[in-house]
1. Mind running the shape call on the chain? Use the C-alpha gyration tensor, a ≥ b ≥ c as the square roots of the eigenvalues: rounded below 1.5 for a/c, prolate if a/b tops b/c, oblate otherwise.
2. Quick one: 3J(HN,Hα) in Hz for the stretch 25-35, Karplus 6.51/-1.76/1.60 with θ = phi - 60°, rounded, Gly and Pro as x.
3. How much of the DSSP bridge set in the chain is antiparallel, in percent, rounded to the nearest 5?
4. Please check: in the Gaussian network model of the chain (C-alpha springs, under 10 Å), which one of Ile73, Ile61, Ile90 has the largest mean-square fluctuation.
5. Counting other beta carbons within 10 Å of each Cβ, put Tyr41, Tyr33 in order, fewest first.
6. Please list, short to long, the whole-number percent of alpha-carbon pairs of the stretch 62-105 in consecutive 5 angstrom bins beginning at zero.
7. Determine the sum of side-chain charges near Lys31: Lys and Arg each +1, Asp and Glu each -1, restricted to other residues whose C-beta is under 10 angstrom from that of Lys31.
8. Using Cα positions and a limit of under 21 Å, work out the lysines in reach of Lys54, with same-chain residues fewer than 8 apart set aside.
Amino acid sequence: MSFFDLIVAVYNSGDMERLEKLIHEDFLFMKDYSIQNREEYLEDVQNLFNKGIKMHKPTLIVENEDIVALNHIVVDDAGNTFRVTAVNFIKDGKSWRITTSRTKI
């Protein structure tokens, strides 16, 4: 299974145990002007899982042993639709750094 396929499977399953195994101990998440550590990120993702948030139409942009870049579609609580671009840097076979951007569509 490619890392892209693993990411999509884990996030769309809502399986926190699998997600925790996928996230590196030194993980950081960068979004807009904020940074979250591993624990903060996992807490936020748990809340998204509880809301039933899924990656719609995930599309691989590029993947190699160091990076996975992808797009997916999300709809927020107000009904706005966004294309999310996520770049995952991989270290020791796990997501080490993730940065995202959203474009309203």
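Rule-based calculations on the coordinates, nothing more; no lab input. Worth saying up front: this structure is predicted, and the values here are computed from it rather than measured. So basically every Cβ, Gly included, is an ideal-geometry build from the backbone, and we count neighbours across all protein chains shown.
1. rounded
2. For the stretch 25-35, the Karplus curve yields 4, 9, 5, 9, 10, 10, 9, 6, 10, 10, 10 Hz.
3. Percent antiparallel among DSSP bridges in the chain is about 85.
4. Top of the fluctuation ranking is Ile61.
5. Numbers: Tyr41 19, Tyr33 5.
Result, fewest neighbours first: Tyr33, Tyr41.
6. For the stretch 62-105, the binned pair fractions read 6, 23, 24, 17, 13, 10, 5, 1 percent.
7. Values: positive: Arg102; negative: Asp32, Asp44.
Net local charge, Lys31 excluded: -1.
8. Lys21, Lys31, Lys94, Lys104
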